[in-house]
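Presented below is the structure to which this report refers.
All of the numbers you see were taken from the coordinates with simple rules; none came from a lab. Please read these numbers as outputs of a predicted model, since none were measured by experiment. Note that we place each Cβ from the backbone using ideal geometry, even for glycine, and neighbour counts take in every protein chain shown.
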Amino acid sequence: MDLMDIYNRLLSHFGPQNWWPAETPYEVVVGAILTQNTSWRNVERAIENLRRNNLLEERRILDTPLKRLRELIRPAGFYNIKSKRLKDVTAYIVDNYGSTEGLKRCNKDLYRLREELLSIKGVGRETADTILLYSLERPIFVVDNYTRRIFSRYGVIEGDLDYDSIRTFFEGSIPRDLEIYKEYHALIVQLGKTFCKKRSPRCEGCPLFKGCKRLISPEG
DNA sequence: GACCAGGCACATC
DNA sequence: GATGTGCATGGT
């Protein structure tokens, strides 16, 4: 049982997730900021407010007063910092690439782009990688709390590994393939939301891992 | 009422 | 480098 076996199990159980749920590359960026430590349900409300006001476009966000933006994204929580983060990341994209499409088209190295994104305040590793993978379509594996929780509970990884160690572990264990990277992370989130809540000690009820204490033995 | 959700920056040691 | 805290809404 390796990481691809687990992927295949998840895929056959849940089916393709077709992430990220967004209509444009910029909408992915917006969602990536708004969903920081926030349920997607609440992010949807905030994005719907922006959509209704025709604001899901870089320059329109920049033209919107901070105060107004704050009211619109309120359902997503942390609205004071998130409204500023949204403006900051949008300003960076517009100033340097004109638009998210422009950023997507640029031919810079993946890790160079990653460093640029990480230099923006409010963009940490997961947010940067989410943007790289789902908005810019660059092959990088996204790690989140579900990934750490699920795979450490089942003994696949040590619980105290840092973000990039987990990321490179996955990247070294599965094919370097954009669609697999996209789908795998989405499936992990789906599994986490369904069966691996914070408090359930063993992903109780999880049909895939039933009876498994350890998915991958320490020897490999 | 407590706990949680598709994190991050910053302070402190 | 590890650990702790503030940020805030809406669902269970």
Self-check item: Matching entry among A:159, A:122, A:155 (being within 14 Å of DNA strand C (Cβ to nearest atom) and farther than 16 Å from residue A:28 by Cβ)
Solution: A:159
Exercise. Would you mind finding the one in A:33, A:6 that is within 14 Å of DNA strand B (Cβ to nearest atom) and of a type in the set (Val, Ile, Thr)?
Key: A:33
Quiz item: Hey, residue A:176 hits all of (1) over 25 Å from residue A:30 (Cβ atoms); (2) basic (Lys, Arg); (3) crowded, with 18+ Cβ neighbours inside 10 Å but one; which does it fall short on?
Solution: (3)
Self-check item: Output for segment A:104-136, where each listed residue is outside any helix (DSSP H, G or I), touching a residue at least 40 places away in the same chain (Cβ under 8 Å) and more than 11 Å from DNA strand B (Cβ to nearest atom)
Solution: A:136
Quiz item: Before we move on, is residue A:10 under 19 Å from residue A:187 (Cβ atoms), buried (at least 19 other Cβ atoms within 10 Å of the Cβ) and touching a residue at least 24 places away in the same chain (Cβ under 8 Å)?
Solution: yes
Quiz item: Can you name the residue in segment A:60-83 that is aliphatic (A, V, I, L, M) and out of contact with any Gly (no Cβ under 8 Å at 6 or more places or on another chain) and, of all such residues, is nearest to DNA strand C (Cβ to nearest atom)?
Solution: A:76
